[in-house]
1. So what is the relative contact order of the stretch 65-123, in percent, for Cα pairs below 8 Å that sit 6 or more residues apart?
2. If TYR59, TYR94 are ordered by their accessible area, calculated over protein heavy atoms with a 1.4 Å probe, which sequence runs from highest to lowest?
3. Put a dot 7 Å past each Cα toward the Cβ at GLU44 and SER23; how far apart are the dots in nm?
4. What order do THR108, THR58 take when sorted by accessible area (1.4 Å probe), most exposed first?
5. Kirkwood hydrodynamic radius, computed over distinct alpha-carbon pairs, for the stretch 60-105: how many Å, to one decimal?
6. Ignoring ligands, DNA and RNA, what percent of the accessible area of the stretch 40-84 is carbon or sulfur (1.4 Å)?
7. When only the heavy atoms of the protein chains count and the probe is 1.4 Å, how do SER25, SER52, SER84 rank by accessible area, highest first?
8. How compact is the stretch 2-58 by the rule of thumb for globular proteins, expressed as Cα Rg over 2.2 N^0.38 Å?
Amino acid sequence: QVQLVESGGGLVQAGGSLRLTCSASGRTVSNYAMGWFRQAPGKEREFVAVISRNGGYTYHVDSVKGQFTISRDNAKNTVLLQMSSLKPEDTAVYYCAAGNNPAITDPTAYPYWGQGTQVTVSS
């Protein structure tokens, strides 16, 4: 198993930037495709981005393309989500998750989850 812990969330003004970090322990993160998801109040958890085991494949949901970038450092056992030009509608709890197939964006396909980190964007 792998244990995941997110960090880097906080309060930021619209147009600002944040970098989220997902730190893994237990089994190394290189064994998994890694995804970022988010959940806003009253809404379902939604896919944000995914990266393959070696980082050679990434996919971002259309709403964040050009704004967010997922990356990973397997040597440090971390996955990052660089977020820029943040908007109030990006406000949510952001989760990282580990799975087996980077082609899948359904959160139910990811067996391992962190506890989430709150991102709040003020207007």
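1. Result for the stretch 65-123 is 33 percent.
2. Largest to smallest exposure gives the sequence TYR59, TYR94.
3. Label-label distance for SER23 and GLU44, simple model: 3.4 nm.
4. THR108, THR58
5. 12.3 Å
6. For the stretch 40-84, the apolar C and S fraction of the accessible surface comes to 48 percent.
7. SER25, SER84, SER52
8. Its radius of gyration relative to the 2.2 N^0.38 Å reference: 1.30.
The values are calculated or read from the model by the stated rules, or taken from the named source; none is laboratory data. Because the structure is predicted, anything quoted here is derived from the model rather than measured. Please note: Cβ atoms are built from the backbone with ideal geometry, for glycine as well, and neighbour counts cover all protein chains shown. Keep in mind that these areas ignore ligands, DNA and RNA; they rest on the heavy atoms of the full protein, side chains included. Shrake-Rupley method; radii C 1.70, N 1.55, O 1.52, S 1.80 Å.
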